[in-house]
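Engineer: Starting off with a structure, shown below.
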Amino acid sequence: MESSDRTGNRPVQWRADRRAADPVRMVAYEVLQAVTQEEAYSNLVLPVVIREAELEGRDAGFATHLTYGTLRWQGFLDEVISSASSRPLNEVDPHVLTLLRLGAFQMMFMRVPPHAAVAETVQLTRVVAGESRTKFVNAIMRRIGERSVDEWVALVSPKASHDPVAHLSVAQSHPQWVVRALAESLSAWRIKQGQPPATWVEVEDLLIANNEPADVTLVARPGRADAGEIARRYNAEPGKYSPYAVSLGFGAPSELPEVRSGDVGVQDEGSQLVALAFTRAEVVGTDQLWLDMAAGPGGKAAILAGVGAERGARLIAADQSEHRAFLVAQTLAGSPGSHLTVVADGREGPWQPDSFDRILLDAPCTGLGVIRRRPESRWRRSTVDVGVLAGLQRELLGAALAAVRVGGIVGYATCSPHLAETELVVDDVCERFNVERIDTRSLLPEVNDLGAGPDLRLWPHIHGTDGMYLALLRRL
């Protein structure tokens, strides 16, 4: 059976003899190979491979937990495998390394008995890598099973008292630059409140939250569905903050008819709150023409369209990617009111200066605030990406402030807490424009622990949402 471009690069061929292995672990192996070797996205590949393998219920859940967990803990697992092996990791066959990561994760983080984890990993090795690799895999797996997770942490990570960044990087499986960036952002947020910098204990709490599987959160799109009704229908919980949110817990939202129709979407509550605060900010004068400047794939645009329709406002949703603009158009297809999707680069869009009453810029970023949902992203980004993206973010925000009229609102949002992608961008661009920075806290009275403002920061370990940032600027 051959998948249809599930990796974003090329189809992956399933071999008939691979059915000799456990299908659940085979699914995890196939997805991890696509992610690590072909730079596929796990959230796109996994549902396709699960469907191909005809997994359902507990089996599908096991495969999901195994795949995402192995990706989250890849850094720590590699340290353990390296310590248990006589070979450097760069000399281990990539297929075998994936197999060892899968086996080690089961043994260390799942309720899989050590003997079962060893046996299943060896059998999977036999099927996908050949009999000649099984002896090596068996030996490494047995060595890993000789110690507990805590013992391995003590063995392979630097002491926290000597190098807290290096220790947390290994113990909580985040690249060192990410640990450092999150610690700096969290400390800056604390200092702004007149508090001491964040302790390493709190930084670790944030990293732990990043490693916890995130619940499935639905959004009942305004003008199309009611959150209370959806919660009652599926015996789910209303969201903690957003009036549009429904906490489904864990499950397969794609099976819900409301999700298939587009009336309900899958969207973290933090993302919903960004859109909500943006719509609640007061403009001076007319409020009839709104722009979502980088709208793909359309989650926030759907909220803007519904709220805008209630006020008689028209929404223009733009994205420079033709594919992402297509996704936005699909998402908005059933939304009320007047809306238009265009393919356009926000820096040189087909609009005149001073055109819009409101502009939301959800800028491209490193995504450090959503790594609990996109576990492989922590291993793909680097400090080089931060510099490149920060330059783009400045250009886009400058273009947004030029395109909004005097008295209008620009919302600058990222799903990254990195200082270089948040306050530093806004502070720099605001020097070139006459703007008023709006206090976002008053717009979200439902949310506690918002700090000193004026910008909005949401943290996984404090608010239970993705790590989101929003600055609201009124042009004067």
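Only the coordinates and a few stated rules stand behind these numbers; no lab work does. What you see is a predicted model, and the numbers here were worked out from it, not measured in a lab. So basically every Cβ, Gly included, is an ideal-geometry build from the backbone, and we count neighbours across all protein chains shown.
Engineer: Among all the lysines, which ones have a C-alpha under 23 Å from Lys240's C-alpha, if same-chain residues fewer than 8 places away are not counted?
Structural biologist: Counting by Cα, and skipping residues close in sequence, Lys240 has these lysines nearby: Lys300.
Engineer: Something else about it: What does the helix-only formula give at 222 nm for the chain: each DSSP H stretch with n ≥ 4 adding -39500 (n - 2.57), the total divided by the residues, and the result rounded to the nearest 500 deg cm²/dmol?
Structural biologist: That comes out to -14500 deg cm²/dmol.
Engineer: Along its principal axes, what span do the Cα atoms of the chain show, with the longest given first and each in whole Å?
Structural biologist: Cα spread of the chain along its principal axes, largest to smallest: 74, 51, 41 Å.
Engineer: Between the stretch 42-88 and the stretch 159-206, what's the alpha-carbon centroid distance in Å?
Structural biologist: Centre-to-centre distance over Cα atoms comes out at 27 Å.
Engineer: Over the chain, what is the mean sequence separation of C-alpha contacts under 8 Å (at least six apart), divided by residue count, expressed as relative contact order in percent?
Structural biologist: 11
Engineer: State the extension gain, in nm to one decimal, for the chain segment bounded by Ala252 and Thr383, taking 0.36 nm per residue of separation less the distance between their alpha-carbons.
Structural biologist: Stretched out fully, the Ala252 to Thr383 stretch lengthens by 43.7 nm.
Engineer: Next question, about the same structure. When a/c is below 1.5 the answer is rounded, else prolate if a/b is larger than b/c, else oblate, so apply that to the stretch 271-360 with a ≥ b ≥ c taken from the square roots of the Cα gyration tensor eigenvalues.
Structural biologist: Note, shape of the stretch 271-360 comes out oblate.
Engineer: Separate question: Extending each Cα 7 Å along its Cβ direction at Arg314 and Lys240, get the distance between those two points in nm, one decimal.
Structural biologist: Inter-label distance under the simple model: 4.0 nm.
Engineer: What FRET efficiency would be calculated for the residue pair Ser355, Ala188, taking the C-beta separation as r and a Förster radius of 45 Å, to the nearest 0.05?
Structural biologist: 0.85
Engineer: Within the stretch 377-476, list the trypsin sites (Lys or Arg not before Pro) lying in a DSSP loop whose Cβ has at most 13 other Cβ atoms in a 10 Å radius.
Structural biologist: Taking the stretch 377-476 and a limit of 13 other Cβ atoms within 10 Å, the loop trypsin sites (Lys or Arg not before Pro) found are Arg432.
Engineer: Follow-up. If you stretched the chain out fully between Ser321 and Asn434, how much longer would it get, using 0.36 nm times the residue separation minus the C-alpha to C-alpha distance?
Structural biologist: Length gained between Ser321 and Asn434: 37.6 nm.
Engineer: Provide the percentage of antiparallel DSSP beta bridges, counting only those with both residues in the chain; round to the nearest 5.
Structural biologist: Close to 55 percent.
Engineer: If you count, for each residue, the other Cβ atoms within 10 Å and average over each peptide, how do 406-416, 46-56, 141-151 line up from highest to lowest?
Structural biologist: The densest-packed peptide leads the list: 406-416, 46-56, 141-151.
Engineer: Beyond 23 Å, what share of the Cα-Cα pairs of the stretch 16-150 is found? Please give it as a whole percent.
Structural biologist: So the pairs more than 23 Å apart make up 25 percent of the total in the stretch 16-150.
Engineer: Net charge within 11 Å of Thr440 by Cβ-Cβ distance, Lys/Arg positive one each and Asp/Glu negative one each, not counting Thr440 itself?
Structural biologist: +2
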